[in-house]
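Here is the structure we will look at, set down as C-alpha cells.
The values are calculated or read from the model by the stated rules, or taken from the named source; none is laboratory data. Predicted model, so just to flag it, every value in this text is computed and none were measured. Every residue, glycine as well, gets a Cβ built from its backbone with ideal geometry; the counts of neighbours run over all protein chains shown.
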Amino acid sequence: MVSPRSRTSVETGREFKISQKPFVGYIAWLIQRITALMLLILLPLKIYSGYAMIGKLPGGSVIAALHISPLIDAILLFAVIFHALYGIRVMCIDIGWVKDNRDVFMSFTIIGTFLFALSFFFMVL
C-alpha cells in the first residue's frame, strides 16, 4: 500500500516522495479565487463611481463617495497585490522554475504583506 505522502510511478514501479504540503497549494488557490471575485466587484465599482463623481453617470453622492473611500482603496490594493503575486507563483510552477511550493508561497506572502503595508502607509498619509 502506498502512503499518502508518496506516489508510485506506473512506468517504473518506483516510489517517489512529494515534497509539498497538500494544503499550501489549496490555500494559495483559494486566496487567488477570493481576490479575483473582489477584483470583479471592486474594479467596475471604482470605475463607475469615478464617472458618477464627475457627473457623467447617474448615481448621486453615495456612489461618488465610494470613489474616494480609503476602505475601498485598501481592499482593492490588497486584492491586486495578492492576486498578482499568486498568479506569478502559478506561472513559475507551470514553467517549472519552482520545485517546492512552500518556499514560493511563503516568500510571495511576505512580499505581498510588505508591499500592502508600505502602500497602505503611503495611502493613509
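Of everything listed in (1) within 23 Å of Leu42 (Cα to Cα); (2) exposed (fewer than 11 other Cβ atoms within 10 Å of the Cβ); (3) among the hydrophobic types (A, V, I, L, M, F, W, C), the single unmet condition for Phe116 is (2). Cβ-Cβ distances below 7 Å connect the following pairs, each with a first residue in the stretch 83-102 that is without any contact (Cβ under 8 Å) to a residue 60 or more places away in the chain and under 20 Å from Leu37 (Cβ atoms), a second residue that is surrounded by 15 or more Cβ atoms within 10 Å (Cβ to Cβ) and aromatic (Phe, Trp, Tyr), and a separation of six or more residues or different chains: Leu85/Phe108; Tyr86/Phe108.
Can we say Gly25 is at pLDDT below 85 and in a helix (DSSP H, G or I)? Considered against the rule, which asks whether it is at pLDDT below 85 and in a helix (DSSP H, G or I), Gly25 comes out as yes. Kindly indicate whether any position in the stretch 60-67 is surrounded by 12 or more Cβ atoms within 10 Å (Cβ to Cβ), closer than 29 Å to Phe114 by Cβ, at pLDDT 75 or above and not basic (Lys, Arg). Yes - at least one qualifying residue is present in the stretch 60-67.
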